[in-house]
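What follows is a set of notes on a single structure, which appears directly below.
Read-outs: derived from the displayed coordinates by stated rules, not from any lab. What you see is a predicted model, and the numbers here were worked out from it, not measured in a lab. Cβ atoms come from the backbone with ideal geometry, glycine included; neighbour counts cover every protein chain shown.
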Amino acid sequence: MNYQEAHKILERRRLLKLAHEYRQKGYSVDIYPTSGKLPPTLANLSLDLIAVKGSEVIAAKVRTRETLSLNGSEDLRRISESVEKLPGWVFELVVTNSRT
């Protein structure tokens, strides 16, 4: 297994855990939402998860510490700014490592 594959596995594992946590709190969760399930302003952005409860929507991205710096922060800044412009939407960045 190479370096990138290992980090993708860590990110996927944390994403599934995050989805479970939100479901336990009563949210409806969609992992890797398609553009059709997102508002037009977010349709071209890559989100890992959206969690909906009433009028509250949490849009999340999961990264390892290493891929956070490898991928840069410009895409995260663009996602965060786009999400925060929508009423009731919140962006959550979840950073994981090999111990989570």
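For Glu84, Glu92, the sequence from fewest to most other C-beta atoms within 10 Å is Glu84, Glu92. If a spin label sat at a point 7 angstrom from the Cα of Leu16 along the line to its beta carbon, the backbone N atoms of region 25-47 nearer than 15 Å would be those of 31-32. Where only DSSP H runs of four or more residues are counted, the chain gives -12500 deg cm²/dmol as its mean residue ellipticity at 222 nm, each run worth -39500 (n - 2.57). Kindly express, to the nearest 10 degrees and within the range 0 to 90, the angle between helix 74-84's C-alpha long axis and the longest C-alpha principal axis of the chain. Once rounded, the angle reads 20 degrees. Look at the dipole of the chain built from charges on Cβ: of His20, Leu93, Asn44, the Cα furthest out on the positive end belongs to His20.
Here Asp48, Asp75, Asp30 are placed in order of increasing Cβ neighbour count within 10 Å, fewest first, which gives Asp75, Asp30, Asp48.
Considering only DSSP beta bridges whose two residues both sit in the chain, what percent are antiparallel, to the nearest 5? About 55 percent, rounded to the nearest 5. Put simply, the chain fits an ellipsoid with semi-axes of 23, 17, 11 Å; these come from the alpha carbon gyration tensor as the roots of five times its eigenvalues, largest first. Taking region 1-71 as the region of interest, the number of lysine pairs whose Cα atoms are within less than 19 Å, with members eight or more places apart or on different chains, is 10.
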